[in-house]
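Okay, so here's the structure we're looking at.
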Amino acid sequence: MIAPEGWPFVLAPLCTALGAAALGWQAAALILFAITLFVIFFFRNPKRTCSLDDNVVCSPADGKVIVAGPAPGSAAPAGLPIQVSVFMSVFNVHVNRAPIDGTLTDYQYNPGRTLAAYKDKASLENEQNLSTWDGPAGVVAMKQIAGLIARRIVFDHQPGDGVRRGDRIGLIRFGSRVDIFMPEGAQLLVHRGDRVRAGETGLARLEDS
């Protein structure tokens, strides 16, 4: 399955490749077909199911954990001092998923720079949004952060919308990062360097609410 946002990026090189093949430009056609296959791979949208305990925060992104611990004071939303950050390379699935069952209570978008997403200051300076989710397990916040070559953050919801853990909530195009902020007392289940999968891997266990 392909994320809907990916179809324009798939059809453009595919149609051009077919045109090049019809004109006998075989080398160009092969290159364009290769680009088409990569774009299909990038925008893949596999089905995911989170079967962990209800108070476990599921990863909203595929990729590598680059931060796991106390958040810098300037980065953390009020009351959510524990941070896990997941870096997504261009080879990861880029569909983002809800970390908990809950309701979107706040959403903020901020334009910014396009620093490499693995750098710490990308969490403060890059183009990003911040969504806050409130549910039976507690409150968590999530930043979708554009990276060096990412040029579009997609977010599918409005304040008041409800989600189930693992539901699609958006994506980021072409290399990026997602930060998750959790309450004090959250018991981390991952460490820096771990590989995680959106909608399947547990990041932390929240205290019983």
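Mind checking whether some residue in region 171-180 is more than 22 Å from F42 (Cα to Cα) and either at pLDDT 95 or above or of a type in the set (D, E, K, R) (or both)? Don't jump to the end; show me each part of the working.
Quick first cut of region 171-180, residues more than 22 Å from F42 (Cα to Cα) only: 180.
From the residues that got through so far, the ones that are either at pLDDT 95 or above or of a type in the set (D, E, K, R) (or both) too are 180.
Among the residues of region 171-180, at least one is more than 22 Å from F42 (Cα to Cα) and either at pLDDT 95 or above or of a type in the set (D, E, K, R) (or both), which makes the answer yes.
Within region 181-193, residues that are touching a residue at least 12 places away in the same chain (Cβ under 8 Å) have Cβ atoms under 6 Å from residues that are among the β-branched types (V, I, T) in these pairs: M182/I82; M182/V140; A186/I82; V190/V65; R192/V65, counting only partners at least 6 apart in sequence or on another chain. Return yes when P4 is in contact with an Asp or Glu (Cβ under 8 Å, 6 or more places away or on another chain), modelled with pLDDT under 85 and surrounded by fewer than 17 Cβ atoms within 10 Å (Cβ to Cβ) and no when it is not. Taking the combined requirement at face value, the residue does not satisfy it. Only one of the numbered conditions (1) more than 14 Å from the chain's Cα centre (by Cα); (2) more than 20 Å from R164 (Cβ to Cβ); (3) at pLDDT 85 or above is violated by T114, and that is (3).
Give the residue, chosen from G135, G79, that is modelled with pLDDT of 90 or more, assigned by TED's automatic domain parsing to the domain that holds D167 and buried (at least 18 other Cβ atoms within 10 Å of the Cβ). It would help to see each step written out before you state the result.
Values: G79 fails: buried (at least 18 other Cβ atoms within 10 Å of the Cβ).
Sole residue among the options that is modelled with pLDDT of 90 or more, assigned by TED's automatic domain parsing to the domain that holds D167 and buried (at least 18 other Cβ atoms within 10 Å of the Cβ): G135.
Residues in region 138-166 that are under 18 Å from D106 (Cβ atoms), in a loop (DSSP other than H, G, I, E, B) and among the charged types (D, E, K, R) were compared, and the one that is modelled with the lowest pLDDT is D156.
Of everything in region 4-34 that is in contact with a helix residue (DSSP H, G or I) (Cβ under 9 Å, 6 or more places away or on another chain) and not in a helix (DSSP H, G or I), the residue that is nearest to S176 (Cα to Cα) is W25.
The values are calculated or read from the model by the stated rules, or taken from the named source; none is laboratory data. Source: prediction; values computed, not measured. Virtual Cβ from ideal backbone geometry, glycine too; neighbours counted across all protein chains shown.
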